[in-house]
Amino acid sequence: MRKWGLSSFIGSRVVAVYARSAIVLTVALLTLPLSFGLLGTLLPALGYLPALGGHDIGLEHFGRLLAMPGIWASVWLSLASGLSTTAISVAVTALFLAAFAGTSVLRRLQHWLSPLLAIPHAAAAFGLALLIAPSGYLIRLAAPFAGLDRPPDLLIPHDPFGITMTAALVLKEIPFLFLVSLAALPQVELVASRRLAASLGYGPVAGFLYLLWPGIYRQIRFAVYAVLAYSSSVVDVALILGPNLPGTLATRLLQWMNDPDLSTRFLASAGAILQLGVTATALVLWYFAERVCGRALTALRDRGHRFPGDRSVKIAAASAVIVAIATVFSGLALLLVWSFAGLWTFPDLLPKGLTLRTWQAALSQLAMPLITTLSAGVISTLIAVFLTIGCLERETETGKRGGQSALLLLYLPLITPQITFVFGLQILFIGSGSLDRFAALVLVHLVFVLPYVFLSLSDAWRQFDIRYDVLAAALGRSRLSALLAVRLPMLTRAIFTAFAVGFAVSVGQYLPTVLIGEGRIQTITTEAVALASGGNRRVIGVYGLLQTLLPFIVFAVASIVPALLYRNRRAMQV
Amino acid sequence: MTNDIIVAGLVLAGIEIWLGDHRLIALSAEVQPSRVLTVMGPSGSGKSTLLAFIGGFLDPVFKARGDVTIEGVNLTDLAPESRRAGILFQDPLLFPHMSVGANVAFAVPATISRRSERVRIAAHALAEVELDDFAARDPATLSGGQKARVALARVLVSQPRLLLLDEPFSKLDMALRQQMRSLVFTKAQDAGLPVILVTHDEADAQSAGGEIYRMDAVSGQEP
């Protein structure tokens, strides 16, 4: 019989129950919507959807799907843009880290790369469009020299090979892979390995790739798979910049899903299963590419190739990153200028006048989408933070980490194409007659917010000096009291940052919002993407900017509030 | 249980700590109030696991058995937060988000619930280590020696049953080290606390003046 003090007994029980429930709920959130969603897509794909009169199981809808004009072109586009986005992003990230990890160049560029992560994909895509469209800024800059007085007849951005779309995806995935790799960097012996490689005559890039990259890649592998899955099934960026006739598989699926003729849903379901196949194929191809590249790297290493003069590689890597940063930020600047622009004719570099009209007109319709965006973001992120802290506390309690399988579980919703399982969820929600769309929206956002919040908070939580916990207990404090008075306050900054990350993820969600909202829930992001086809640059400027501003404001608050709270505590400042 | 003779000091009975098949520690000892048991061993010998076992926060990779009793209470039956096993680490580990005074007040037992009383006790404890008027200070602005004294004041107000010292002097410079040693041992003596000191520094052991248990990196057998 254990003799516990009553209050400490309660304090410890509360935390233990909370931590254990958080694990159960988190695992449920990561697996159940996914499994039910997949099932909800698979059954109609096979013809079974009683609500729409589908009772017979068969492959009829796949037959219809494969007979759709240009379907293989769409499949090919999705596969090619997914693989090329991932290959380019990984290559740039690897070479940039190889060239500059541990140097001041990296530290300086890091300040510019990190914020890119918070910018929603759609906003980055709009910015790129304003930059490189035939009447975009780059051509305006070139116009006087090329003697252009009207926009050239170029099929940009919607070029048939999806190059513009791939470019926009690369812009967003480089910062993501960069930050994930940066988090993995402390696990390898950077300084010592660099010295060793240099002393043996290896160029810095070769030395890094031989000695350190394999270890880093092993840690970021799932993030790379998430990039591949995302870019092979993305919808919003493809709508804004991608090819039209035919579009990528995912954009065509969305059309079918929104078709007023409900029987098209069978076709859409079959297509969603095909999308799963496309993404799976991309993953398998990538897996083989991994092995080939690994072999090649080993072969070069075993032959002792030292690549001592790697200046050109360094310059290329730095240029790629600088161009990416410059592109995104000039895109944002263009969104800003367009949102205030009066008359702005080609090839003028500046509008003739500035006006508040676009903002005034937009603001009158903004209230509801803005409220929905904020509340869905805040609620789903708060839940995600609460669950994450519980899971991490359980880890502390048991002293055991989840390992690779837990990490895979966390990445599962990010490695499965959104469109495949969220569509199934939509069918289930309609089928169950559930009308609480907002709750469903929060739930679906949570599925995508949770992994990012967890990944963002877990490093700081695990690096926390456990002796503080020991001290609090030795001083007679219950676990609850230690958590509330010591650990959580000391991790304020990390928790706020994780919140900001989660919120940015929620704001950026296009597809889940459109599917679950069924056109009846609007957020800033769905409104922005809906405006894309209209081509009104001023309104696009307003929405693109708002989409970017919301996460930025939250990130700013997340860094200012802890600084204010602990302004008199030097060790709590960064 | 009720018929046992209650021994005043700390009794370590048949303590064994294992890592897999490897026995790190095998120890039985009595430590009278105000006396010090020094556990000496090179780093990596696992000597800190003894303190972790007594405090109740031994990593589950270790297996341990044995009883730790003090004033007739078997500590191994209690949750870590109910053991009142005060501990000082190598680093002072002041909570960086609290003022110096709040750091000390945090340790005042829960039975004293009036805020003003807790603040008064903390201020008094700080004065005892010659840090009057430091209550409002940010711990980050203190010198190494001052931080160590705050940590000592903090552990003393928690009314511990015993004191566990995990190489608490090893990061202080020479002059300060001697000062802190005598301060800690004096305070522990005044409070009548049995002390277990873990160290690799012979000077610590001599200064402590009590029994010494030596372990080596390989087997950790009793001497």
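The values are calculated or read from the model by the stated rules, or taken from the named source; none is laboratory data. Given the structure is predicted, the values throughout are model-derived calculations rather than measurements. Because the Cβ atoms are built from the backbone with ideal geometry, glycine has one as well, and the counts that use them run over all protein chains shown.
One line per residue, one yes/no per condition, for (1) of a type in the set (A, V, I, L, M, F, W, C); (2) within 18 Å of the chain's Cα centre (by Cα):
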| position | (1), (2) |
| --- | --- |
| A:Leu475 | yes, no |
| A:Ser481 | no, no |
| A:Thr513 | no, yes |
| A:Glu518 | no, no |
| A:Val529 | yes, yes |
| A:Ile540 | yes, no |
| A:Thr548 | no, yes |
| A:Leu565 | yes, no |
Query raised in the report: Within the bounds of the range A:542-559, is there any residue that is buried (at least 19 other Cβ atoms within 10 Å of the Cβ), in a helix (DSSP H, G or I) and aromatic (Phe, Trp, Tyr)?
Result: yes
Query raised in the report: What helices (runs of 4 or more DSSP H) completely inside the range A:461-508 contain at least 3 residues that are closer than 18 Å to A:Leu450 by Cβ and within 8 Å of chain B (Cβ to nearest Cβ)?
Result: none
Requested in this report: Answer yes or no: is there a residue in the range A:10-29 that is more than 14 Å from every other protein chain (Cβ to nearest Cβ) and either within 24 Å of A:Gly433 (Cβ to Cβ) or at pLDDT below 95 (or both).
Outcome: yes
Report summary line: Screening B:Arg120, B:Arg177 for residues that are surrounded by fewer than 22 Cβ atoms within 10 Å (Cβ to Cβ), assigned to a helix (DSSP H, G or I), more than 13 Å from chain A (Cβ to nearest Cβ) and touching a Phe, Trp or Tyr at 6+ places or on another chain (Cβ under 7 Å) leaves only B:Arg177
Query raised in the report: B:Pro160: in contact with a helix residue (DSSP H, G or I) (Cβ under 6 Å, 6 or more places away or on another chain), within 13 Å of another protein chain (Cβ to nearest Cβ), modelled with pLDDT of 95 or more and in a loop (DSSP other than H, G, I, E, B), yes or no?
Result: no
**Report entry** Candidate set from the range B:59-108 (those that are within 8 Å of chain A (Cβ to nearest Cβ) and in a helix (DSSP H, G or I)); member that is surrounded by the fewest Cβ atoms within 10 Å (Cβ to Cβ)
**Finding:** B:Asp77
Query raised in the report: Residues in the range B:7-37 that are more than 16 Å from the chain's Cα centre (by Cα) and of a type outside the set (D, E, K, R): how many?
Result: 16
Query raised in the report: Can you find even one residue in the range A:509-516 that is within 14 Å of another protein chain (Cβ to nearest Cβ) and touching a Leu at 6+ places or on another chain (Cβ under 7 Å)?
Result: no
Query - Extreme residue, surrounded by the most Cβ atoms within 10 Å (Cβ to Cβ), among residues of the range A:360-413 that are within 21 Å of the chain's Cα centre (by Cα), farther than 19 Å from A:Leu455 by Cα and polar (S, T, N, Q) - result: A:Thr373
Query - In the range B:29-49, residue surrounded by the most Cβ atoms within 10 Å (Cβ to Cβ) [restricted to those that are over 16 Å from B:Gln90 (Cα atoms) and touching a Leu at 6+ places or on another chain (Cβ under 6 Å)] - result: B:Val36
